[in-house]
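Structure first, then comments.
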Number of protein chains: 2
Amino acid sequence: MKVQKFSVSDAKMIKSPGQDAEIYVGNLVDERNGGPVTIGYGRYAPDQSLTETMEVDDTMIVLEGRLSVSTSDGTATAGPGDIVYMPKGQAVTIMTEGEGALTAFVTYPHWAEAHKG
Amino acid sequence: MKVQKFSVSDAKMIKSPGQDAEIYVGNLVDERNGGPVTIGYGRYAPDQSLTETMEVDDTMIVLEGRLSVSTSDGTATAGPGDIVYMPKGQAVTIMTEGEGALTAFVTYPHWAEAHKG
């Protein structure tokens, strides 16, 4: 694959699978491209909550808005420019309040393949 | 490793090795943490240029400012919220003009280990 530049308008956002919240994900690079990572954007509506055990290593960069990430160790709040690293095997709850959030993410390996099991 | 949240103020920025431009890099997660990816922030002063052949898969998210990425196929300009994916083996020139840029990056595998060869 060649060098590519993406903007959020390039992503086709779909409801994040396996959950009911208003959380959307749009992959730009994934297993279909032959590389090791999945890259995309995520969009969280206000007042949403998602609890999951990470199936892959997921690095999330907050671009707009604000979200909190809770684990058994406590809660961290992330805003624009902040990075949240969620290693495989960790249990997390991601929540938004009034603002919602736009994120970019990189997973290793591909989250969709891991999710299918 | 556990879930972690980082801000740019958490990164200790050092001159990006193997080049002379005013380009700085600060790893937050790397080979010392036992995971598969290196995560950090990059800071590019205005009017800098860096040419390299990618030793790892590098995903760069522009947080502030603007930079251009040139390959044999042409040049793309990226601003806040844009993602640039630079796969291993690709030759790229990253340039800033008057603004400089702040980026977040995720590499697979660890760039410092690949750089040492």
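Of all residues in the stretch A:9-42, those being in contact with a Leu (Cβ under 7 Å, 6 or more places away or on another chain) and more than 19 Å from A:MET54 (Cβ to Cβ) number 2. A Cβ distance below 7 Å, combined with a sequence gap of six or more or placement on separate chains, defines the contacts here; from the stretch A:73-98, residues that are assigned to a strand (DSSP E or B) and modelled with pLDDT of 95 or more reach residues that are open to solvent by 50 Å² or more (accessible area, probe 1.4 Å) and among the β-branched types (Val, Ile, Thr) in the pairs A:ALA91/A:THR53; A:THR93/A:THR51. Residue selection: A:TYR41 fails the criterion of being aromatic (Phe, Trp, Tyr), open to solvent by 40 Å² or more (accessible area, probe 1.4 Å) and more than 7 Å from chain B (Cβ to nearest Cβ). Selection of first residues in the stretch B:8-20 that are farther than 9 Å from B:ARG43 by Cβ and of second residues that are in a loop (DSSP other than H, G, I, E, B), restricted to Cβ pairs under 9 Å at least 6 apart or on distinct chains, gives the following pairs, ordered by first then second residue: B:LYS15/B:ALA21; B:LYS15/B:GLU22.
I need the full set of residues from the stretch A:1-24 which are of a type outside the set (D, E, K, R), surrounded by 13 or more Cβ atoms within 10 Å (Cβ to Cβ) and within 14 Å of chain B (Cβ to nearest Cβ), in order please. Scanning the stretch A:1-24 gives A:MET1, A:VAL3, A:GLN4, A:PHE6, A:SER7, A:VAL8, A:ALA11. Take A:THR71 and decide whether it is out of contact with any helix residue (DSSP H, G or I) (no Cβ under 8 Å at 6 or more places or on another chain), at the interface with chain B (Cβ under 8 Å from one of its Cβ atoms) and of a type in the set (Ser, Thr, Tyr). When the stated conditions are applied, A:THR71 passes them. So is B:MET60 farther than 13 Å from B:ALA104 by Cβ and either touching a strand residue (DSSP E or B) at 6+ places or on another chain (Cβ under 8 Å) or hydrophobic (A, V, I, L, M, F, W, C) (or both) or not? When the stated conditions are applied, B:MET60 does not pass them.
Those residues that are closer than 20 Å to B:PHE6 by Cα, within 12 Å of the chain's Cα centre (by Cα) and not in a loop (DSSP other than H, G, I, E, B), I need them from the stretch A:44-68; list them, please.
If the condition is that a residue be closer than 20 Å to B:PHE6 by Cα, within 12 Å of the chain's Cα centre (by Cα) and not in a loop (DSSP other than H, G, I, E, B), then A:TYR44, A:ASP57, A:ASP58, A:THR59, A:MET60, A:ILE61, A:VAL62, A:LEU63, A:LEU67 are the ones that fit.
Please verify whether A:ALA104 is at pLDDT below 95 and within 20 Å of A:MET13 (Cβ to Cβ), treating the condition exactly as stated. Spelling it out, it is not the case that A:ALA104 is at pLDDT below 95 and within 20 Å of A:MET13 (Cβ to Cβ).
Among the conditions (1) hydroxyl-bearing (Ser, Thr, Tyr); (2) under 20 Å from A:ASP57 (Cβ atoms); (3) open to solvent by 70 Å² or more (accessible area, probe 1.4 Å), B:SER72 misses just one, which is (2). Looking at (1) within 12 Å of chain B (Cβ to nearest Cβ); (2) among the hydroxyl-bearing types (Ser, Thr, Tyr); (3) over 17 Å from B:VAL84 (Cα atoms); (4) crowded, with 19+ Cβ neighbours inside 10 Å, which is the only condition A:THR77 fails? Here A:THR77 meets the rest and fails (4).
The values are calculated or read from the model by the stated rules, or taken from the named source; none is laboratory data. In this text the structure is predicted, and so the values were computed from the model without any measurement. Glycine also receives a Cβ, built like all others from the backbone with ideal geometry; neighbour counts cover every protein chain displayed. Keep in mind that these areas ignore ligands, DNA and RNA; they rest on the heavy atoms of the full protein, side chains included. Shrake-Rupley method; radii C 1.70, N 1.55, O 1.52, S 1.80 Å.
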